[in-house]
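Since every read-out is calculated from the coordinates, none of them should be taken as a lab result. Only a predicted model underlies this, so the values are computations on that prediction, with no experimental measurement involved. Note: ideal-geometry Cβ built from the backbone for every residue, glycine included; neighbour counts use all protein chains shown.
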Amino acid sequence: MKFLLNTLTKIIFLIFIYHSLYSADVNFHAWGGSVIINDFIKQVSKDLKKKNINLNHTKITDIAESIKILETDKKINKLQKGSIDLMWVNGENFHRLKKNQLLFGPIDTIDNYKFINTEDQSLHNDFGEPVEGLEVPWGRAQFVLIYDSKMIQKPPQTIEQLREFIKNNPGRFTYPQIPDFHGTTFLKQLLYEIVDDQSILQKPFSNCLNPCEPLKNLMIYLKDIHPFLWNQGKRFPKSAAETVPLLSNRELWLTISFNPNMAAVNVSSGNLRDVTRTTSFIGGAIGNTHYLAIPFNSPNKNASLEVINYLISPQSQADKSNIDIWGDPTVLDFTKIDEKQKKMFLDKQSIHILQNYQIPYLVEPHYSWTEAIENEWFKTFN
């Protein structure tokens, strides 16, 4: 018995030594403003421990602050021992990282990248900027309208129908305070409906003549609906999340989201009524992709690649898209996964979800339009 106990003690000690020597820490800088997302990352961290990876979630409010750290590291020639291993990024932040050569790559060589559609340009152009292997897609989004079907039998699906609804139902709609991401996306969506030539939005804003007619016409539209918004446009919710209880208590009848599964997630959790439904602009709705990237001076690049490979696996993507867990749409191509893997996704369908491909997908405007739109809004309404 004593011999067995001594042997067992040695085995446990060797296992401890193995984990100490061969486990890797991955410091993941990701937005920490959502309990649902934080819980998902916490579960991923538990799963990755089986692979001897310690995933540490650094909860941030703005990834731009993390980029400043990398810029300082580059300036002082800190090339191999940075403090950030993995980042959740997209849009203008990716452009800044790429322009300043702050990323390691290519990173699209991981095994599970085989499940990504390499022909889908919406996955390989980030706000008009070619990804070129410096990011790996992690999740998708599309602009949607969330509404109470008891109060609205026929929801607006064009910019003019929206104007008519707002004026006929004062106080029942609003959008988040600019520069909140969802608020700015709403303005971009309106701009897509306003412009005659949508291709201008894929080019740098500097290509737009001064004065830029699309922006001028956008402000005319916004001024027209402004007095009929919630609280007569005198104040705005700080985020799309703040509109959920307003929709639930029917102070609002209509709100916006950038997640086609948002209504389903909130109905499932009891935050929204079962009569909540999802639609969008019938002519097309802005969609984009959010990504994972590895900084140039990550000290744990191989482990970070393992984390990304896990996060785009069918199992992790199915968990992520599950409306009872996060409800974030997958980046995987269903033609590239088998029937058993497909079933993991199809088990969680819902009448509250905007189904894939139900509304045409519009590519995000070039990143330079974001600042231009926000500046024009502040000039007009401040």
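Calculated FRET efficiency, LYS379 and GLU193, Cβ-Cβ r, R0 30 Å, to nearest 0.05?
Approximately 0.90, to the nearest 0.05.
Only Lys, Arg, Asp and Glu count, each charged at its Cβ (+1, +1, -1, -1), so figure out the dipole size of region 145-238 about its Cα centre, rounded to 20 debye.
Numbers: 12 positive and 9 negative charges, 89 e Å.
So the dipole magnitude of region 145-238 works out to roughly 420 debye.
Given only helices, namely DSSP H runs of n ≥ 4 each adding -39500 (n - 2.57), what is the per-residue ellipticity at 222 nm of the chain, to the nearest 500 deg cm²/dmol?
When only DSSP H runs of four or more count, the value is -12000 deg cm²/dmol.
Quote the charge dipole size of region 238-305 about the Cα centre in Debye, to the nearest 20; the model charges only the Cβ of Lys and Arg (+1) and of Asp and Glu (-1). Intermediate values should be presented prior to the final figure.
On the way: 5 positive and 3 negative charges, 18 e Å.
Computed charge dipole of region 238-305: roughly 80 debye.
Pull out a ≥ b ≥ c, the square roots of the eigenvalues of the alpha-carbon gyration tensor of region 235-382, then state rounded if a/c is under 1.5, prolate if not and a/b is larger than b/c, and oblate in the remaining case.
Here region 235-382 falls in the oblate category.
Along each principal axis of its Cα atoms, how long is the chain end to end? Whole angstroms, biggest number first, please.
Taking max minus min along each principal axis of the Cα atoms, the chain gives 84, 49, 39 Å.
Let's see if you can work this out: charge +1 on each Lys and Arg Cβ, -1 on each Asp and Glu Cβ, no other charges. What is the dipole magnitude of the chain about its Cα centre, in debye to the nearest 20?
1100
Normalized C-alpha radius of gyration of region 122-257, against 2.2 N^0.38 Å? Don't skip to the end; give the middle numbers.
Working: Rg = 16.4 Å, N = 136, 2.2 N^0.38 = 14.2 Å.
Compactness ratio reported: 1.16.
Order the peptides 127-138, 111-122 from the highest to the lowest mean number of other Cβ atoms within 10 Å of their residues. Intermediate values should be presented prior to the final figure.
Numbers: 127-138: 20.5, 111-122: 14.5.
Those peptides, ordered most packed to least, come out 127-138, 111-122.
Name the residue from ILE194, THR335, VAL307 whose Cα lies farthest towards the positive end of the charge dipole of the chain, charges +1 on Cβ of Lys and Arg and -1 on Cβ of Asp and Glu.
Looking along the dipole axis, the top candidate is VAL307.
Sequence gap at least 6, Cα distance under 8 Å: using those rules, report the relative contact order of the chain to the nearest whole percent.
27
I need the chymotrypsin sites (Phe, Trp or Tyr not before Pro) found in region 279-372, filtered to DSSP loop residues with at most 10 other beta carbons within 10 Å of theirs.
TYR357
What number does region 22-163 give for Rg over Rh if you use C-alpha atoms and the Kirkwood radius?
1.05
Any idea which of PRO137, HIS124, LEU162 is furthest toward the positive side of the dipole for region 92-166, if Lys and Arg beta-carbons carry +1 and Asp and Glu beta-carbons -1?
It is LEU162.
Of all beta bridges DSSP finds with both residues in the chain, what is the antiparallel percent, to the nearest 5? Let's see the in-between values first.
Working: 21 of 35 bridges.
Of those bridges, close to 60 percent are antiparallel.
Need the full-extension length gain, THR335 to GLU251, defined as separation in residues times 0.36 nm minus the C-alpha distance. One decimal, nm.
26.0 nm
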